[in-house]
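Student: The structure is given below, and queries will be raised subsequently.
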């Protein structure tokens, strides 16, 4: 895989992990504040909701590179190698098409919401929402690029299986 893409994806994984930690700490502090002091952190719920959306789209490519997405392997593992190559190619093709729609719509929405200055009231504070939409669109774009790379690899495998050519080491 491309080194630049791998570096970006690894950075996404680290950032997603940091966001999980921040969400846990903020939620804990908010809950303790509400229980012990009668009031929690201002805007913590809204901020955590925004971070959760960003977290998901940063974690998706990282999870894919590590091969940790859920798969139904009951049937797949029993398929012959040649058929697996076809199934993988078809799966990545569907995946790429779906992600292409997601990338387009999330980028379009991010630009529309930036133009409108989208924000939400969190207590007495106005919290901008549109920057998170750009991070989501960027994460979806990197995920799309990763899936395209996987589609190319799967297609090469189908071609090798068809022609009987062995992979170069």
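Bear in mind that the values in this text are calculations on the coordinates, not laboratory data. Only a predicted model underlies this, so the values are computations on that prediction, with no experimental measurement involved. Don't worry about glycine lacking a Cβ; one is built from the backbone with ideal geometry, like all the others, and counts go over all protein chains shown.
Student: Report, to the nearest 10°, how far helix 3-32 tilts away from the longest principal axis of the Cα atoms in the chain, using its own Cα long axis and a range of 0 to 90°.
Tutor: In the chain, helix 3-32 runs at an angle near 30 degrees to the longest axis.
Student: What FRET efficiency do you get for residue 27 and residue 96 if R0 is 30 Å and r is their Cβ-Cβ distance, rounded to the nearest 0.05?
Tutor: After rounding, the FRET efficiency stands at 0.25.
Student: I would also like to ask the following. So, how do all the Cα-to-Cα distances of segment 1-93 break down into 10 Å bins, in percent, from 0 on up?
Tutor: So the P(r) values, bin by bin, are 14, 29, 24, 18, 10, 4, 0.
Student: On to the next question. Throw me the Rg/Rh for segment 89-169, computed over C-alpha atoms with Kirkwood Rh, two decimals.
Tutor: My calculation of the ratio gives 1.28.
Student: At a 10 angstrom cut-off on C-beta neighbours, averaged per residue, how do the peptides 121-131, 31-41 rank from highest to lowest?
Tutor: Peptide ranking by packing, descending: 121-131, 31-41.
Student: Per DSSP helix of 4 or more residues, -39500 (n - 2.57); summed, then divided by the residues of the chain. What does that give at 222 nm, rounded to the nearest 500?
Tutor: That comes out to -26500 deg cm²/dmol.
Student: In degrees between 0 and 90, to the nearest 10, how far off the longest principal axis of the chain does helix 130-163 point, with axes built from Cα atoms?
Tutor: 10
Student: Also, I was wondering about something else. Treating the angle as unsigned and between 0 and 90°, give the value, to the nearest 10°, between the Cα long axis of helix 81-116 and the longest Cα principal axis of the chain.
Tutor: 30
Student: Given the peptides 65-75, 133-143, arrange them by the average over their residues of other C-beta atoms within 10 Å, most packed first.
Tutor: 133-143, 65-75
Student: With r defined as the distance between the Cβ atoms of residue 109 and residue 52 and R0 fixed at 22 Å, what FRET efficiency is calculated, to the nearest 0.05?
Tutor: Plugging the Cβ-Cβ distance into 1/(1 + (r/R0)^6) gives 0.80.
Student: What percent do you get for the relative contact order of the chain when only Cα pairs under 8 Å and 6+ apart count?
Tutor: Contact order relative to length: 27 percent.
Student: When N counts the residues of the chain, how does its alpha-carbon radius of gyration compare numerically with 2.2 N^0.38 Å, as a ratio?
Tutor: 1.34
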